[in-house]
Amino acid sequence: LGFAQGGMYVKNDDHDEIYYELISAIAFGRDKLMDKKIMDEEGLVGRCGYEGLTIYLTEIPDNYVDIKSGLGGANPRTILLVPLKSADEVLGVVEFISFNEIKEHEISLVEQIGGNLAATMGNVRINQRTERLLKQSQNQAEELARQEQEMRQNIEEMKATQEESHQRQLEMKALHE
């Protein structure tokens with residue numbers, strides 16, 4: 001689509017705070033990669049994720065981003081932010097910066113691809129949670145098996161002690177008689 005720069009932010013809501021983390025970027029300067037964590041509702045990325053709506057800007061502040069190449073640098077003309085939504089849940093945001101106007105059908109295409117990407121991300125997230133729960137369940141099963149083994153050993157020791165006590169009782173009774 002002729003975008004000059006792009007970035008993909010994934011929503012991280014596993015902790016108390018919700019934020020978007022930059023996981024992939026193309027043609028971003030190193031200074032842009034330093035700010036990898038954007039809080040929910042913060043800036044354009046946070047707002048796009050929070051509202052779940054596409055943001056298309058044609059009036060870009062001069063200090064927003066400077067696109068540089070070996071031949072020089074320039075400010076972009078348009079910015080497109082699209083939420084990655086699956087089943088009305090925002091899982092991330094993609095941001096694209098361009099020197100050209102972005103046509104309506106191009107925005108629709110990015111939104112459609114974003115929906116497909118979000119569905120895949122949702123499946124991956126479910127698989128990761130399932131794997132984590134399975135591992136946790138296996139650890140609990142191993143712990144229960146270890147505790148069961150300890151209890152069996154304790155029962156065997158108690159039986160042996162009881163048998164020994166019973167044997168002494170019989171010996172004492174025989175001595176007494």
Of the numbered conditions (1) open to solvent by less than 70 Å² (accessible area, probe 1.4 Å); (2) not in a strand (DSSP E or B), Q140 fails exactly one; give the number of that condition.
(1)
Can you say whether L117 is surrounded by 10 or more Cβ atoms within 10 Å (Cβ to Cβ) and either within 25 Å of I60 (Cα to Cα) or of a type in the set (F, W, Y) (or both), as far as the supplied structure shows?
no
If we keep only residues of segment 71-99 that are over 28 Å from the mean Cα position of the chain (by Cα), open to solvent by less than 90 Å² (accessible area, probe 1.4 Å) and not hydroxyl-bearing (S, T, Y), then the residue modelled with the highest pLDDT is F99
What residue, of E111, E106, E148, is assigned to a helix (DSSP H, G or I), open to solvent by less than 90 Å² (accessible area, probe 1.4 Å) and touching a residue at least 60 places away in the same chain (Cβ under 8 Å)?
E106
Residue, modelled with the lowest pLDDT, within segment 117-143, restricted to residues that are under 26 Å from V94 (Cβ atoms) and of a type in the set (G, A, S)
G122
Suppose we keep only residues that are under 18 Å from N100 (Cα atoms) and either surrounded by fewer than 17 Cβ atoms within 10 Å (Cβ to Cβ) or within 19 Å of the chain's Cα centre (by Cα) (or both) within segment 1-53. Which one would you say is modelled with the highest pLDDT?
G7
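The values are calculated or read from the model by the stated rules, or taken from the named source; none is laboratory data. Every value quoted in this text rests on a predicted model; they were computed, and no experiment measured them. Glycine also receives a Cβ, built like all others from the backbone with ideal geometry; neighbour counts cover every protein chain displayed. Heavy atoms of the whole protein, side chains included, go into the accessibility calculation; ligands, DNA and RNA do not. Shrake-Rupley method; radii C 1.70, N 1.55, O 1.52, S 1.80 Å.
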